[in-house]
Amino acid sequence: MPPFEFPKIHDFPPFYTKQPVRKTWEVQRRNWADLILSYCKASKKFLLNVSQDLQSDLFNNKNINRSLSRDVLVEILEYMNGEGEIEWDTSVGKQTQCFVYWRKPAEWASLIHTWITSQGLENNVITFFELTNPDPDTNELILDPNEEVFAIHSHVMNRALKILKTQGKVTLFTGSDADSLGIKFHS
Amino acid sequence: MERIELGYTHRPILYEDEVFALISNNVTISLNSESRLPSTVYLTSHRLITVDDANPDSNSFQLRLQNIVSQKTESNFLRTNSKIIIEFNSNSNFFTASDVDENYIFLDSVADKRGLSNLSLGAGLDIPGSTQSQCPWICSICQNMNYTIPGSKCELCGVAGKSVETQQDQEVEHTNTCPSCTFINHPDLKYCEMCDTELYPNLHKLKIQDKPEDQNEPVKSDNCTPPRVLTIRFEKNTAFSFSSTLTKQLEKKLWEVSKNTPLRNLQKQDNRNGNLGGISSIINKSKESEKARNMLLDQALQDLDELSSKAKDIISLAKDIVSKLNQSNNDLSQETGDPDLLIESEFAKYLSKIGIDNPVTKEVAGSSYLRALAREMFEFLEDYVFKNSGIVLVVDAYCLYNKARSFSSVYPSDFIDACKLFGELDLPLKLRKFSSGLLALQASSSANIAISSSIQSEGISGDVFLERINELIDSFGSLSTIQYSVIDGIPLLLANELLFFYEEESFLCRDETIHEVRFYKNVFL
């Protein structure tokens, strides 16, 4: 995978200072949100850990010796949360980790559904495990590795399936654990 | 040492011409090695006055400088304080003609020493009318403190003060209570108010008895009394400065000079002529004082006029120098980098800031004062503002303007009001108020007459400063307040306000680091 090419604004020092003027800040915030989404999309990153990722190239620009402060990042993430672009991972504590929806769960849902129908897998029952893990015989994923659906985070997959269920496009059969969840896609 | 009266703030009341030379507090005084009293010492041109800290009203003394025989200063050693030991002749002044009225005061407070007082008064009477020194006496009617010759009329109520003689009698009477009922009667009464007993006989007797003794005593004291000693102890080593000041005052001998001032002579004459009592004399008196006051005021204003004429001289001098410097500058203009030249031009700049020939004043301009002021201010400030990147602090402008006016300063509020009129008068300057409340004077390009060529060339978008800032950011990449201030010679405060202003207007954005805040063009928008 080619390294992510940061946009020009990533090298702009004021980008790392929270702008005191509200109008400017709103734009700056949006710029950051877009950058985070495209960065995660490029690196297929579903989870963003605030403390760890602050050290990453994304938030720490060594070229111009600037880095984003935690407070500002959290503020940006809160804004993205409001926009439905991330979701805080409530299992690990407040504002420490989040799922980045560089595709919204609804998009994922329709993506999965179109792919399943294109493969002719509708009306079959597939387990959650089968859906997210390679076939032991062919060592191939049910979801094609070339597709972006590849290695989708289970949390995100769950969200997508729930959306499909409310749309009436899948039937879920609860199994003994999360992996043995049965899924039947409808056309 | 003589007891004296103090003003209501417990400061000594000065004679005319008398000035404070030095005031020392936290000192202790002891007279003839008596107990030390914490006091404040006032050294004036005429006297050394000690005011007791605890009982200022009763324990305040004066020592006339002419009575000082010698002084000795001792420095502090270990725990002893520095001190001045002053030897003075306590009685000599009782017998000099010039000091009769001082004795009078003295008697006032130590009337119980009747013998002494009698005699000194006698001495005073021996020199009729020739007494010149002005020592305060208190009118028995209105309690006014008078500085005229005792025995003349009170300045306030016009009632003749008791002659020295009668005053003395009064003093004596004070001590006499009614022999039968011990009631203390008013001095003027001949019979006791209570029991009608005759009061006078006793007194006369007393006087007669006393007199012979008195006559002997002063003579003795005059010749034989050894000088008395006053010791003033100072905190730390301040005694030396006190002693040097004292020496200076002793050398000046101001008390001798003061007795011949014209004002005093005038007063003396008045006292002699105006023997009429009653209302007419009061009216005369007030007229006199008014005349004197007017004279004084006139003199004072004449001084001012003189000062302003001097100021005019300086202004013309400054102009001369400027024109001469300009000439020489033209000659030298080929040589560049000459430091002298730089200094000279700085000097010329400084000089050019001096002097507005005929400043507009409220008296001259009347109701159109502010407008006239605005025009004059514009004429003066125009150059200054345009030379300083088109913006200056109002405070700076105000100071400079007032300096140029030299003598007839304008009020700050008038200045601001006049600044507000620039727009109305179509003058290309305007008052700009920043969000922090900071006031600045700015060259306004919106005015009809475009004076500055720089504004004309750059003034398309109307905001020279933004253009300038953008220009600087383009060449430096970013701009800090200090940089901006230094490069364009704008006051730091103003540079800061300007950058903040344009940030607020979303033209700029900031990069905040531990070192500083740098401004960049706002690429977010």
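Side notes on the structure shown:
- Between B:Ile23 and B:Leu43, the built amide H atoms are under 5 Å apart, and every one of these is 5 or more places off in sequence or on another chain.
- Remark: A:Leu111, A:Leu58 ranked as A:Leu111, A:Leu58, counting other beta-carbon atoms within 10 Å and listing the fewest first.
- Ranked from largest, the principal axis spans of the Cα set of the range B:463-521 equal 30, 22, 21 Å.
- When each of A:Lys45, B:Lys324 is scored by the number of other beta-carbon atoms lying within 10 Å, the sequence from fewest to most is B:Lys324, A:Lys45.
- Cα convex hull, chain A: 143 Å³ per residue, rounded to a whole number.
- Net charge of Cβ neighbours under 12 Å - reference A:His10; Lys, Arg +1; Asp, Glu -1: -1
- √(5λ) per eigenvalue of the Cα gyration tensor, the range A:1-102, largest first, Å: 20, 17, 13
- Couplings 3J(HN,Hα) for the range B:288-304, derived from phi with the Karplus relation 6.51 cos²θ - 1.76 cosθ + 1.60 (θ = phi - 60°), are 4, 5, 5, 4, 4, 5, 4, 4, 4, 5, 4, 4, 4, 5, 4, 4, 4 Hz, where x marks Gly and Pro.
- Between helix A:154-166 and chain A: long-axis angle, C-alpha atoms, 0 to 90°, nearest 10: 60
- Ranked list, fewest to most other Cβ atoms within 10 Å of each Cβ, for A:Val74, B:Val322: A:Val74, B:Val322
- Cross-link table B:Lys153/B:Lys291; A:Lys23/B:Lys420; B:Lys362/B:Lys433; A:Lys94/A:Lys162, entries beyond 21 Å C-alpha to C-alpha: A:Lys23/B:Lys420; B:Lys362/B:Lys433; A:Lys94/A:Lys162
- In degrees, nearest ten, helix A:70-83 long axis to first principal axis of chain A (Cα): 50
FYI, it's all coordinate maths here, none of it is from the lab. Predicted model, so just to flag it, every value in this text is computed and none were measured. Glycine also receives a Cβ, built like all others from the backbone with ideal geometry; neighbour counts cover every protein chain displayed.
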